[in-house]
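Notes follow once the structure below has been shown.
What follows is calculated from the coordinates using simple rules that are stated; it is not laboratory data. A quick note: this is a predicted structure, and the numbers were derived from the prediction, not measured. Please note: Cβ atoms are built from the backbone with ideal geometry, for glycine as well, and neighbour counts cover all protein chains shown.
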Amino acid sequence: MSRTVFTGVYVPLVTPFGADGEVSAPVLQRLIDWTIEHGASGLVPCGTTGESATLTHEEHQRVIALTVEYAAGRVPVIAGTGSNSTQEAIDLTVAADELGVDGMLLIAPYYVRPNQRGLLEHFRAVAAATEKPIIMYNIPKRTGVNIDAATIIALSKVPNITGIKEASGDVAQIMEIIQGTEDFSVLTGDDNLLFTLCALGGHGGICTSSHFLPGEWNRMVALLRENRLDEARALHYRLLPLAKALFLEPNPCPLKAGLELLGFPVGAPRLPMVPAGAQATAAVRAALEGLGLL
């Protein structure tokens with residue numbers, strides 16, 4: 001089996017909102033241009049960082065359509081199309097396919113907590129609805145269910161299920177997935193584990209922190225691929241304070257605060273999330289200053 005393996009660091013785009021609370025297309029375009037110009041491998045709209053849970057279906061499709069338009073083929077666009085309902089995930093996936101994305105990111109069904117057999121059937125059903133590549137997304141702290149390594153390995157045999165965004169934080173599970181798959185993208189969703197995952201043989205990440213200095217996050221992946229361990233480790237520790245600061249409160253609240261500091265008017269997160277507090281904002285500011293961005 002030979003498939004395209006997604007490598008590098010992809011930016012899970014925030015969804016910018018204007019003063020009226022609506023999606024701000026001009027700010028989204030600025031952000032897309034900035035991240036591509038600074039070295040992003042690709043873009044992921046409508047994921048957790050994009051507040052997908054608070055977007056209407058119409059907004060969801062509009063953000064994806066705008067991202068495809070503004071990216072203009074410069075980098076791949078992988079759209080978040082997951083849901084806790086299999087049929088809704090199929091509908092979102094088919095709609096994204098028609099909008100011209102390069103692939104889909106599919107979170108495990110949240111809240112309903114299916115067993116492993118249910119997860120197998122869910123991902124197989126969605127994969128059957130498109131020929132585009134699908135990257136699964138395992139983040140048990142948000143969904144309430146872990147996609148076990150054995151399940152991920154089984155699903156990697158589905159021709160268009162081509163990767164996993166692993167955010168379980170379980171390094172033993174990550175190693176088992178890397179060992180048990182072939183031509184399969186293993187990407188981290190935990191920014192602080194990008195160095196570890198790539199050193200173990202993984203392929204990159206979909207990292208919130210890569211909104212800032214995406215080229216540097218990508219350079220870490222490249223250095224590890226070239227076995228330049230000391231340089232990669234030094235870069236890891238340089239970027240680590242930012243990764244820590246951005247997760248002091250629920251994502252994307254600190255991220256939006258940081259983007260505002262850089263002059264991107266992305267607006268406040270939608271309720272029930274609230275703007276980052278003073279302590280988290282100060283930590284983000286300090287991290288950005290340490291990287292020479294402020």
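Could you list, in sequence order, the residues of the range 67-104 that are assigned to a loop (DSSP other than H, G, I, E, B) and polar (S, T, N, Q)?
Thr81, Ser83, Asn84, Ser85
How many of the residues in the range 1-21 are more than 14 Å from Lys165 (Cβ to Cβ), in contact (Cβ under 8 Å) with a residue 24 or more places away in the chain and either more than 12 Å from the chain's Cα centre (by Cα) or surrounded by fewer than 16 Cβ atoms within 10 Å (Cβ to Cβ) (or both)? Before you say what the answer is, go through the steps one by one.
Of the residues in the range 1-21, the ones more than 14 Å from Lys165 (Cβ to Cβ) are 1-4, 13-21.
Then drop every residue that is not in contact (Cβ under 8 Å) with a residue 24 or more places away in the chain, which leaves 1-4, 13-19, 21.
Still in the running and either more than 12 Å from the chain's Cα centre (by Cα) or surrounded by fewer than 16 Cβ atoms within 10 Å (Cβ to Cβ) (or both): 1-4, 15-19, 21.
Count: 10.
Would you check if Ile64 is in a helix (DSSP H, G or I) and closer than 24 Å to Arg270 by Cα?
So Ile64 passes the test.
Sort out which residues of the range 193-216 are touching a residue at least 60 places away in the same chain (Cβ under 8 Å), touching a Ser or Thr at 6+ places or on another chain (Cβ under 8 Å), crowded, with 23+ Cβ neighbours inside 10 Å and not polar (S, T, N, Q), and write them in order of number.
Leu194, Gly204, Gly205, Ile206, Cys207, His211, Pro214
Go through Val11, Val44, Val5, Val23 for me and flag whichever is more than 19 Å from Ile135 (Cβ to Cβ), hydrophobic (A, V, I, L, M, F, W, C) and touching a strand residue (DSSP E or B) at 6+ places or on another chain (Cβ under 9 Å).
Matching residue, one of Val11, Val44, Val5, Val23: Val23.
For the range 217-254, what are the residues that are surrounded by fewer than 21 Cβ atoms within 10 Å (Cβ to Cβ), in contact with a helix residue (DSSP H, G or I) (Cβ under 7 Å, 6 or more places away or on another chain) and of a type in the set (Asp, Glu)?
The answer is Glu231, and nothing else.
What is the residue count in the range 126-150 for residues that are touching a helix residue (DSSP H, G or I) at 6+ places or on another chain (Cβ under 9 Å), farther than 15 Å from Asp97 by Cα and not in a loop (DSSP other than H, G, I, E, B)?
Initially, the range 126-150 is screened for residues touching a helix residue (DSSP H, G or I) at 6+ places or on another chain (Cβ under 9 Å), giving 126-132, 134, 136-138, 145-150.
Next cut, farther than 15 Å from Asp97 by Cα only: 136-138, 145-150.
If we keep only those that are not in a loop (DSSP other than H, G, I, E, B) too, we end up with 136-138, 149-150.
Looking only at that region, the number is 5.
Looking at the range 57-99 only, could you name the residues that are surrounded by 23 or more Cβ atoms within 10 Å (Cβ to Cβ) and more than 14 Å from Val44 (Cα to Cα)?
The one that is surrounded by 23 or more Cβ atoms within 10 Å (Cβ to Cβ) and more than 14 Å from Val44 (Cα to Cα): Leu92.
Given Val145, Val186, which one is without any contact (Cβ under 8 Å) to a residue 24 or more places away in the chain and surrounded by 17 or more Cβ atoms within 10 Å (Cβ to Cβ)?
Val186
Which of (1) in contact with a Lys or Arg (Cβ under 6 Å, 6 or more places away or on another chain); (2) closer than 21 Å to Thr48 by Cα does Met273 not meet, given it meets every other one?
(1)
Go through the range 22-61 and give me each residue that's more than 24 Å from Ser83 (Cα to Cα) and either free of Cβ contacts under 8 Å to residues at least 40 places away in the same chain or not in a loop (DSSP other than H, G, I, E, B) (or both).
Ala25, Pro26, Val27, Gln29, Arg30, Leu31, Ile32, Asp33, Trp34, Thr35, Ile36, Glu37
Confirm whether Thr86 is out of contact with any Asp or Glu (no Cβ under 6 Å at 6 or more places or on another chain), touching a residue at least 12 places away in the same chain (Cβ under 8 Å) and either closer than 22 Å to Leu187 by Cα or among the aromatic types (Phe, Trp, Tyr) (or both).
no
Could you pull out every one of the helices (runs of 4 or more DSSP H) wholly within the range 171-277 that has 2 or more residues that are among the small types (Gly, Ala, Ser), in contact with a Pro (Cβ under 9 Å, 6 or more places away or on another chain) and at positive phi?
So the answer is none; nothing clears 2.
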